[in-house]
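Inspection log for the structure reproduced underneath, given as structure tokens.
The values are calculated or read from the model by the stated rules, or taken from the named source; none is laboratory data. Keep in mind the model is a prediction, meaning the values are calculated, not measured. A quick note on method: Cβ atoms are made from the backbone with ideal geometry, for glycine too, and the neighbour counts reach across all protein chains shown. For the accessible areas, the whole protein counts, side chains as well, though only heavy atoms, and no ligand, DNA or RNA atoms are used. Shrake-Rupley method; radii C 1.70, N 1.55, O 1.52, S 1.80 Å.
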Amino acid sequence: MDFFLDFLHITVGILIVILAVFSFLNPDRNLVLFPVIFMLAAILNLVNGWVKIKRSGRDRKKQLSGAGLLLFGISLVLLSAISALSIWR
């Protein structure tokens, strides 16, 4: 599981950086990349929250931290959807 998490962080992190560079170099042309960036960030937060809750055991503080990550991930999914609807509409 640790290898999967590390691999996910590295690949999604590199993808986010590359997409962010492209989107800021020419924002008018690459506007469609913003929902993708938000969705990738949401995936990272949702996976991190899920893993943190699974590994927390009975530690309430870690469970709340994982729930916060899940909540932030869900808000990023919503932001991605709103961004996609406003751009592709």
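For the chain, calculate the relative contact order in percent as a whole number, restricting contacts to Cα pairs under 8 Å that are 6 or more residues apart.
Once divided by the residue count of the chain, the mean separation gives 30 percent.
Of the candidates VAL77, VAL36, VAL17, which one comes out as most mobile in a Gaussian network treatment of the chain with C-alpha springs shorter than 10 Å?
Per the Cα network of the chain with a 10 Å cutoff, VAL17 tops the list.
Could you work out what % of the accessible surface of the chain is carbon and sulfur, using a 1.4 angstrom probe and leaving DNA, RNA and ligands out of the count?
72
Kindly give Rg over Rh for the chain, based on alpha-carbon atoms, with the Kirkwood expression for the hydrodynamic radius. Don't skip to the answer; put the middle values down first.
On the way: Rg = 15.0 Å, Rh = 14.0 Å.
That ratio is 1.07, to two decimals.
Divide by every residue of the chain the summed helix terms, -39500 (n - 2.57) for each DSSP H run of at least 4, and state the resulting mean residue ellipticity at 222 nm, rounded to the nearest 500 deg cm²/dmol.
-31000 deg cm²/dmol
Report, ordered by chain and residue number, the aspartates and glutamates lying within cross-link reach of LYS54, taken as a straight Cα distance under 17 Å and ignoring same-chain residues fewer than 8 apart.
Straight-distance partners of LYS54: ASP2, ASP6.
Net charge around ARG55, counting only other residues with Cβ within less than 11 Å of its Cβ (Lys, Arg = +1; Asp, Glu = -1)?
Every neighbour counted, the sum reads +1.
Given a 1.4 Å probe, how much area per residue of the chain is accessible, in Å²?
With all protein chains present, the chain gives 71 Å² per residue.
Set the Förster distance to 41 Å, then compute FRET efficiency between VAL32 and PHE72 from the Cβ-Cβ distance, nearest 0.05. All intermediate terms of the calculation are to be shown ahead of the outcome.
On the way: r = 23 Å, r/R0 = 0.57.
Efficiency at R0 = 41 Å is approximately 0.95.
Quick check for me: using +1 on Lys/Arg Cβ and -1 on Asp/Glu Cβ, what's the dipole size of the chain about its Cα centre, in debye to the nearest 20?
Values: 9 positive and 4 negative charges, 90 e Å.
The dipole magnitude comes to about 440 debye.
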